[in-house]
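Here the structure is laid out as structure tokens; the discussion comes afterwards.
The values are calculated or read from the model by the stated rules, or taken from the named source; none is laboratory data. Predicted model, so just to flag it, every value in this text is computed and none were measured. Positions of Cβ are generated from backbone atoms using ideal geometry, with glycine treated the same way; all protein chains shown enter the neighbour counts.
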Amino acid sequence: MNLSHCKQRQKLAVDVEAVCRLIAAIQLPSGEIPWSRGDKTDPWDHVESAMGLTVGGFYAQARQAYLWSRSMQRTDGSWYAAYRTGSPSDRTRETNLSAYIAVGVFHFWRVTGDRAFLALMWDTVRRAIEFALSLQRPGGEIYWAISPLGKVDPMALLTGCSSIYMSLRCALAIADELGHRQPGWKAAYTRLGHAIRHRPYAFNMTKSRFSMDWFYPVLCGAVTGADAHGRIQRQWKKFVVKGLGVRCVSDQPWVTIAETSELVLTLTAMGEREKAQIVFNWLTDHVFTDGSFWCGFTFPDMTRWPEEKIAWTNAVVLMAADALFDLTPAARLFSQDGWNGR
């Protein structure tokens, strides 16, 4: 770690090493990263945890996490929605959970420059994206899941589809780097972006109470410019508790560290770095004695809840710190300012 990065970390009021040690301690020998010790693993949060390890320089552990994903992928390109020590505990196959591997693999390559690993993971990424796109509708939206009984659930989620949009963005960048033309993916990406921007009625499972539905269309890069600024401003008071952070659900007095960190990522993606810094500073007091972050807390009583130390919550804090302080070459991963995957 060079001196400039060390100085940046001193400004963060975040113990990067301690946070990564927590995630690494939760990780199983197989590479699987549960939510917390003894808890379930889902494919999306597993990847998010690996991204946090990558930000902190724990490359071997992150690589092992991606290799676990590679080994657990089903023949149709999907993963089950949840596992416990490698055994499926929820056999639902969700499109956004599966597609997110593209974001993690691209992030790892941007940080490490390991092109051989990028090539090794290409088929895993390709099959995951093909699985997600197999449930895309002509209007662009993507159904969220196939049930354990093998039935397609005809529901499209705005947050889930926004996550898939970011996954496609990264998958296309990987394909470009490796010389694999994917015109079908580009067309699907365009249709999905159009649906997110212009067809809100297509997302027929209402989640407007959840803050992720508010900022994910901006975070993923589908909504940009004046539209992005307007979207964030309109619902700021609905979700943001000044001095504390972001509510998970608008009508509940529960602030979560993950949603607050993701808002920081969203604001930096929009170029609102000063506002992002203010929101990030609200997080820094909510830590355990080992330097890792709480999952969330209720207010005004400021009761920590839940008590578990959550791997993916801590990972997204590191990603927010990276976006603010340029800790790695992937700091601009979510940037809307001329992002071209390079």
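Only one of these conditions is not met by Ala315: (1) at pLDDT 95 or above; (2) under 30 Å from Ala226 (Cβ atoms). Which number is it? The failed condition is (2).
Okay, residues lined up against (1) among the aliphatic types (A, V, I, L, M); (2) assigned to a helix (DSSP H, G or I):
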site	(1), (2)
Met166	yes, yes
Ala171	yes, yes
Arg181	no, no
Tyr189	no, yes
Arg197	no, yes
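As a summary of the residue check, Lys309 satisfies the conditions (1) assigned to a loop (DSSP other than H, G, I, E, B); (2) under 20 Å from His46 (Cβ atoms); (3) in contact with an Asp or Glu (Cβ under 7 Å, 6 or more places away or on another chain) except for the one numbered (3). In the range 140-149, the condition of being part of a loop (DSSP other than H, G, I, E, B), among the hydroxyl-bearing types (Ser, Thr, Tyr) and crowded, with 18+ Cβ neighbours inside 10 Å is met by at least one residue. The requirement of being under 24 Å from Gln252 (Cβ atoms), outside any loop (DSSP other than H, G, I, E, B), touching a residue at least 24 places away in the same chain (Cβ under 8 Å) and in contact with a strand residue (DSSP E or B) (Cβ under 8 Å, 6 or more places away or on another chain) is not satisfied by Val316. Within the range 271-285, the residues that satisfy the criterion of being under 15 Å from Val241 (Cα atoms) and either aromatic (Phe, Trp, Tyr) or part of a loop (DSSP other than H, G, I, E, B) (or both) are Phe280, Trp282, Leu283. Exactly one residue out of Ser208, Ser250 is among the small types (Gly, Ala, Ser) and at pLDDT below 95, and it is Ser208.
Can you tell me which of Gly338, Gly291, Gly271 is at positive phi, among the small types (Gly, Ala, Ser) and at pLDDT below 95? Selected residue: Gly338, the only one of Gly338, Gly291, Gly271 that is at positive phi, among the small types (Gly, Ala, Ser) and at pLDDT below 95.
Within the range 62-77, residues that are under 11 Å from Pro43 (Cα atoms) reach partners that are in a helix (DSSP H, G or I) and among the aromatic types (Phe, Trp, Tyr) with beta carbons closer than 9 Å, at six or more positions or on different chains, in the pairs Tyr66/Phe108; Tyr66/Phe117. You will find that of Leu135, Leu149, the residue that is of a type in the set (A, V, I, L, M, F, W, C), in contact with a Ser or Thr (Cβ under 7 Å, 6 or more places away or on another chain) and farther than 18 Å from Val103 by Cβ is Leu135 and no other. Restricting attention to the range 82-106, the residues that are surrounded by fewer than 24 Cβ atoms within 10 Å (Cβ to Cβ), of a type outside the set (Lys, Arg), out of contact with any Phe, Trp or Tyr (no Cβ under 8 Å at 6 or more places or on another chain) and touching a residue at least 12 places away in the same chain (Cβ under 8 Å) add up to 4.
No other residue among Gly150, Gly184, Gly160, Gly193 is at positive phi and not β-branched (Val, Ile, Thr) apart from Gly150.
Does the range 113-129 contain at least one residue that is surrounded by 20 or more Cβ atoms within 10 Å (Cβ to Cβ) and in contact (Cβ under 8 Å) with a residue 60 or more places away in the chain? Scanning the range 113-129, I find no residue that is surrounded by 20 or more Cβ atoms within 10 Å (Cβ to Cβ) and in contact (Cβ under 8 Å) with a residue 60 or more places away in the chain, so the answer is no. Screening the range 253-267 for residues that are β-branched (Val, Ile, Thr) and crowded, with 24+ Cβ neighbours inside 10 Å and picking the one that is nearest to Pro217 (Cα to Cα) gives Thr266. Gln182 meets each of the listed conditions (1) surrounded by 14 or more Cβ atoms within 10 Å (Cβ to Cβ); (2) more than 20 Å from the chain's Cα centre (by Cα); (3) closer than 19 Å to Val223 by Cβ; (4) of a type in the set (S, T, N, Q) apart from (3).
Name, by its number, the condition in (1) β-branched (Val, Ile, Thr); (2) touching a helix residue (DSSP H, G or I) at 6+ places or on another chain (Cβ under 8 Å); (3) more than 28 Å from Met155 (Cα to Cα); (4) without any contact (Cβ under 8 Å) to a residue 40 or more places away in the chain that does not hold for Val264. Result: Val264 passes all but (4). The residues on offer are Ala330, Ala323, and the sole one that is aliphatic (A, V, I, L, M), under 19 Å from the mean Cα position of the chain (by Cα) and assigned to a helix (DSSP H, G or I) is Ala323.
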